Amino acid sequence: MAVPWVSDLTLLAAILATLLPLCSFLVVMLFTRSHPRISAGLSIGAMSVSLLCALFLLNEHWHMEKPLEYAGRWLVSGSIEIPFGFLLDPVSLLMLAVVAVIGFLIQIYSLGYMAGDPGISRYYAFMSLFLWAMMSLVVAPTLFQLYIFWELVGLSSYLLIGFWYEKFSASQAGKKAFIMTRAGDVAMFLGMLLILLHLGNLSILEIDSPALAARMSPRLLTLSALLIFGGIIGKSAQFPLMTWLPDAMQGPTPVSALLHSSTMVAAGVYLFERLFPFFFFSPDAMTFGLFIGTLSMLLASTMALVTRDIKEIWAYSTISQLGYMIMGLDAGAFFSGAFHLTTHAAFKALLFLCSGVLIHTFETNDIYELGRKGGRSLKVPMACCCIAAGALAGLPPLSGFFSKGLILEGLADLSNPVWLIAALFGAFLTAYYAFRPIFIILFPREASGEPEVHSATSTSKDHSAGHSSSHYWLMGWPLILLAGATLCLGFLKAPLEHFMGQTALPGVKGIGHPVWLLYTEIILAVGGVGLAWMEFGRRCAQQVGFVEKIPALHRLFAERWYLDHFYGWFVDRVIDRGVSALFTQNDHRVIDGSIDGISRGTVETGRLISHMHLGMVQYRLLAMFVVMVLLAFYFFF
């Protein structure tokens, strides 16, 4: 580096922002695990400094003209050098600020939510580990460095999902998330190798440059893009690797808010943003991504229509909204995906945290039980939850209305109207399932009027339940701040678009503003909320949805379109009875059989040769005679 890090404020801020959470993780795990208050203080203190550094970097480089890269040699082997450093540009700076703000607020919230838990030091240590990995991923200048922290984010997710490891369902959910995301990561790694073979390095700026498209054939470019998109599918829980995310709700609710709504699962969409020019060079890869995003959005929306677990509803909505982001990016509307990622981080974290207060107070995840136990008596969480649900539904003037509208406008620019029609239908479903739990909690009915329970996880409880209500306001203030962000972020569209517009590709068409689409979006959002009100809110409503009146359709959606059944069948028939059985036979017959055969041959040979060492003259004479006969045959015949 040309400038010493201690005299370069930008570099110093980047180092502190990413390194301090790692330091707090190490200190807590090595020295303060038996002191929960000190551990929490260290983790929150480190995160607060990281937050200040992230906001300083965003403000300092708000008008930056070109990306700023710091890179130094990390590993050297002959002529091969692997760099390590920081890449600061509008994409990374905005995401760094989002992760820092959400992470800090959730750590404050966790003081109340996790109070009294015997593993609170371990909890804050794992939180710090995740935040270090996520923030380092965001500013990585090479795909190799990004992949390292990509895997560390997956490890942190596994540790936090299975935080209450004594609960079998939590440990199983952690393993499921880890295995399913690894499947996508293998594809991503193969795509990286293809790029490395043809480009010679994995610099993100060089991958995004037109030079890569000139050096790789269109087929190889498309193949590498599709393989990297496999990593996005796994991390962002898109079809077909989408069923791990609802099960991941077994972890503490703040974990769900941080990892599985606004940061960790958003890493896949962030990677798409980071490599947007690279994907843009392959129209076939963009079309495939558009199909996957659309299918994931629709499937997850249908699943959210029938579940009773409030955290699972928001988990399905996360999958759906991530699908929306991918649709916007694949439509060529770069800012629409980036902006929806930013607004979604605020209102989805708010939804999870509001749900956490309800779960913490009433000891159930079931929306019908929350309603009957008096969920509407918690004024601040319910008010904030209504604001967040409105943003999720796309109601004006909340932030989700502006960001989702940009995605719809980007899809309207495509020649094929199918994508826009699917997105509009998804917008209607989103408004419906977003307000279904709201109306059920606000307007409870007697137990006789509720539908039967069809989900084995609908009554799962957080271990943090039963704490004193004295921690209510520790959880309340982050809700108020996130609600304020949800109300205001939509009005920052213009400055953020100018800031992010500096990364736009030349030749990417701008987004139009058809008036009819704006009115259609509002009508569909209001229509979805109105239908939810008719079925769950009004006085004489039976609180039975239109899907629940069709048993076959209800079961299809409740069983997640039988995706888990397919995975179970595939693992049992193909993996266990097919591949594993074949390998077992190979192990027994080829590997063990060959070793056993060699061993038996050695024993028999030794037994045969042992007869020649008995010291008897006739055996020696016989051996000499045989040798002489063989020599005679060799020389004379």
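The values are calculated or read from the model by the stated rules, or taken from the named source; none is laboratory data. Everything numeric in this text was worked out from a predicted model, so none of it was measured. No Cβ is skipped: glycine too gets one built from the backbone with ideal geometry, and neighbour counts run over all protein chains shown.
State whether the residues of segment 377-387 include one that is in contact with a Phe, Trp or Tyr (Cβ under 7 Å, 6 or more places away or on another chain), under 22 Å from Gly490 (Cβ atoms) and surrounded by 22 or more Cβ atoms within 10 Å (Cβ to Cβ).
no
Which ones in segment 293-316 are of a type in the set (Val, Ile, Thr) and buried (at least 22 other Cβ atoms within 10 Å of the Cβ)?
Thr294, Val306, Thr307, Ile310, Ile313
Would you mind stating whether Gly332 is within 15 Å of Leu411 (Cα to Cα), touching a His at 6+ places or on another chain (Cβ under 9 Å) and assigned by TED's automatic domain parsing to the domain that holds Tyr472?
Considered against the rule, which asks whether it is within 15 Å of Leu411 (Cα to Cα), touching a His at 6+ places or on another chain (Cβ under 9 Å) and assigned by TED's automatic domain parsing to the domain that holds Tyr472, Gly332 comes out as no.
Residues in segment 215-234 that are touching a Ser or Thr at 6+ places or on another chain (Cβ under 6 Å) and crowded, with 21+ Cβ neighbours inside 10 Å: how many?
Residues that pass the stated criteria total 3.
So, in segment 304-344, exactly how many residues are closer than 16 Å to Phe279 by Cα and assigned to a loop (DSSP other than H, G, I, E, B)?
Total satisfying the criteria: 3.
List pairs: first in segment 560-584 and at positive phi and touching a residue at least 40 places away in the same chain (Cβ under 8 Å), second of a type outside the set (Lys, Arg) and part of a helix (DSSP H, G or I), Cβ under 7 Å, 6+ apart or cross-chain?
Hits for this filter: Arg560/Met303; Trp561/Leu299.
State the number of residues belonging to segment 194-209 that are among the small types (Gly, Ala, Ser) and within 26 Å of the chain's Cα centre (by Cα).
1
Would you confirm whether any residue within segment 481-501 is part of a loop (DSSP other than H, G, I, E, B) and either touching a Cys at 6+ places or on another chain (Cβ under 7 Å) or at pLDDT 55 or above (or both)?
The answer is no, given that none of the residues of segment 481-501 is part of a loop (DSSP other than H, G, I, E, B) and either touching a Cys at 6+ places or on another chain (Cβ under 7 Å) or at pLDDT 55 or above (or both).
Take the residues of segment 29-72 that are aromatic (Phe, Trp, Tyr) and surrounded by 15 or more Cβ atoms within 10 Å (Cβ to Cβ): which is nearest to Tyr109 (Cα to Cα)?
Among residues in segment 29-72 that are aromatic (Phe, Trp, Tyr) and surrounded by 15 or more Cβ atoms within 10 Å (Cβ to Cβ), the one nearest to Tyr109 (Cα to Cα) is Phe56.
Just one of Leu212, Leu226 is more than 19 Å from Phe126 (Cβ to Cβ) and over 19 Å from the mean Cα position of the chain (by Cα); which is it?
Residue meeting the stated conditions: Leu212.
If only one of Ala248, Ala237 is closer than 30 Å to Lys167 by Cβ, among the small types (Gly, Ala, Ser), in contact (Cβ under 8 Å) with a residue 40 or more places away in the chain and not in a helix (DSSP H, G or I), which one is it?
Ala237
Just give me the residues in segment 28-75 being part of a loop (DSSP other than H, G, I, E, B) and under 24 Å from Phe499 (Cβ atoms), in sequence order.
Those that are part of a loop (DSSP other than H, G, I, E, B) and under 24 Å from Phe499 (Cβ atoms): His61, Trp62, His63, Met64, Glu65, Lys66, Pro67.
If you scan segment 534-554, which residues turn out to be surrounded by 14 or more Cβ atoms within 10 Å (Cβ to Cβ), assigned to a helix (DSSP H, G or I) and within 32 Å of the chain's Cα centre (by Cα)?
Of everything in segment 534-554, those that are surrounded by 14 or more Cβ atoms within 10 Å (Cβ to Cβ), assigned to a helix (DSSP H, G or I) and within 32 Å of the chain's Cα centre (by Cα) turn out to be Phe536, Leu553, His554.
Pick from Phe189, Phe239: which is touching a helix residue (DSSP H, G or I) at 6+ places or on another chain (Cβ under 9 Å), among the aromatic types (Phe, Trp, Tyr), in the same structural domain as Lys311 (by TED's automatic domain parsing) and under 28 Å from Asn365 (Cβ atoms)?
The match here is Phe239.
If Glu69 passes every condition in (1) under 25 Å from Phe334 (Cα atoms); (2) modelled with pLDDT of 95 or more but one, which one does it miss?
Of (1) under 25 Å from Phe334 (Cα atoms); (2) modelled with pLDDT of 95 or more, only one is false for Glu69: (2).
Could you tell me whether any residue of segment 423-444 is assigned by TED's automatic domain parsing to the domain that holds Phe347, at negative phi, assigned to a helix (DSSP H, G or I) and at pLDDT below 85?
Scanning segment 423-444, I find no residue that is assigned by TED's automatic domain parsing to the domain that holds Phe347, at negative phi, assigned to a helix (DSSP H, G or I) and at pLDDT below 85, so the answer is no.
Among the candidates Met135, Met192, which residue alone is over 16 Å from Leu22 (Cα atoms) and of a type in the set (A, V, I, L, M)?
Result of the check over Met135, Met192: Met192.
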